[in-house]
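Read through the structure below, which is laid out as structure tokens, and then see the notes.
What follows draws every value from the coordinates through simple rules; no lab data is involved. Small disclaimer: the values here were computed from a predicted structure and weren't measured. Cβ: placed from backbone, ideal geometry, glycine included. Neighbour counts: every protein chain shown.
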Ligand SMILES: NC(=O)c1ccc[n+]([C@@H]2O[C@H](COP(=O)([O-])OP(=O)(O)OC[C@H]3O[C@@H](n4cnc5c(N)ncnc54)[C@H](OP(=O)(O)O)[C@@H]3O)[C@@H](O)[C@H]2O)c1
């Protein structure tokens, strides 16, 4: 079965590990956006970079006889996910999305939930605060004009300096992070508030527990809307779905779902 995995997440990496054991059954190509400078590469066929929109992706699916697409991109990579829905529909290719659940607040959390990055910047207000920004390196422009805050930006790769709010200090680090380390960072940097995307998952969740313990506010940017698709939440469920689909390949049409 020819499978295209749109990668870029922890769940995608867990899926590669499982698919590496099943090359007898699945001919897999992993596609990466090319945004991360030193990505963790699987022992599978890998392609890097955009397809050229919906038309480019559809053409790629047809040219490579792809039967199944697994969309394991980040919950905020909605353009890619929307393109996958459109291209798979047009090319009559099965699509499964792997998306980890979002975070939800628990007792003691002091979250301000906002719909997008501009609203997050607005929610900070103009009184100077010490802010830990963990929103990635691409979405920084809204923070340029929201007051004289003290910014600490943590991200995996260094951003284009032109995108940084004035005076931003940079902390390059890749998760997973633990609670003790996060609490130490928040104390050392005397952080008042964290701004984060609702990415979900465990790798970057510890900052939320540390903020709760210290009574700090969190500005939580909720996930943008995305075109509907059949969805599972992890790599194990994805493998089960793939195995059951591949088991149906030899069956007569009336036995297929
Ligand atoms: N994509 C990821 O793996 C990833 C990982 C971590 C965080 N994020 C977050 O998601 C948000 C948007 O990121 P984004 O620019 O990557 O997504 P996006 O806005 O959905 O995608 C922009 C374009 O990048 C290309 N692309 C994205 N993922 C691809 C993949 N797996 N293989 C091939 N091409 C891919 C596509 O180009 P074409 O239209 O030319 O095909 C897509 O239209 C940001 O907030 C970012 O921090 C994304």
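Here are the numbers for the structure shown:
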quantity: Beta bridge orientation in the range 1-160: antiparallel %, DSSP, nearest 5; calculated: 0
quantity: Nearest-ten-degree value, helix 179-188 long axis tilted from longest Cα axis of the chain; calculated: 30
quantity: Equivalent ellipsoid semi-axes, the range 155-243, via Cα gyration tensor eigenvalues times 5, rooted, Å; calculated: 29, 18, 14
quantity: Mean separation of Cα contacts under 8 Å (6+ apart) over length of the range 110-221, as relative contact order %; calculated: 34
quantity: With Cα atoms, 0 to 90° folded angle of helix 53-63 axis to the chain main axis; calculated: 30
quantity: Degrees, to the nearest 10: 78-91 long Cα axis against longest axis of the chain; calculated: 10
quantity: Estimated translational D of the range 1-154 in µm²/s (Stokes, Kirkwood radius over Cα pairs; 4 °C; 1.567 mPa s); calculated: 73
quantity: Relative packing of peptides 189-196, 102-109, 67-74, 45-52 - highest average C-beta neighbours within 10 Å first; calculated: 67-74, 189-196, 45-52, 102-109
quantity: Percent RCO, i.e. relative contact order, over the chain, from Cα pairs under 8 Å lying at least 6 residues apart; calculated: 21
quantity: Debye equation applied to the C-alpha atoms of the range 110-221, log10 I(q)/I(0) at 0.13, 0.18, 0.21, 0.23 Å⁻¹; calculated: -0.42, -0.86, -1.23, -1.51
quantity: Sum of -39500 (n - 2.57) over DSSP H runs of 4+, divided by residues of the chain (222 nm, nearest 500); calculated: -9000 deg cm²/dmol
quantity: For the range 42-81 and the range 16-41, distance of Cα centres in Å; calculated: 12
quantity: Ascending count of other beta-carbon atoms within 10 Å, so fewest first, for 144, 92; calculated: 92, 144
quantity: Gyration tensor verdict on the range 1-90 (Cα atoms; rounded if a/c is under 1.5, prolate if a/b is larger than b/c, oblate otherwise); calculated: oblate
quantity: Solution diffusion estimate, µm²/s, Stokes-Einstein, the range 99-150, Kirkwood Rh from C-alpha pairs, 37 °C, viscosity 0.692 mPa s; calculated: 259
quantity: Calculated on alpha-carbon atoms, Rg and Dmax of the chain in Å; calculated: 20.3, 67
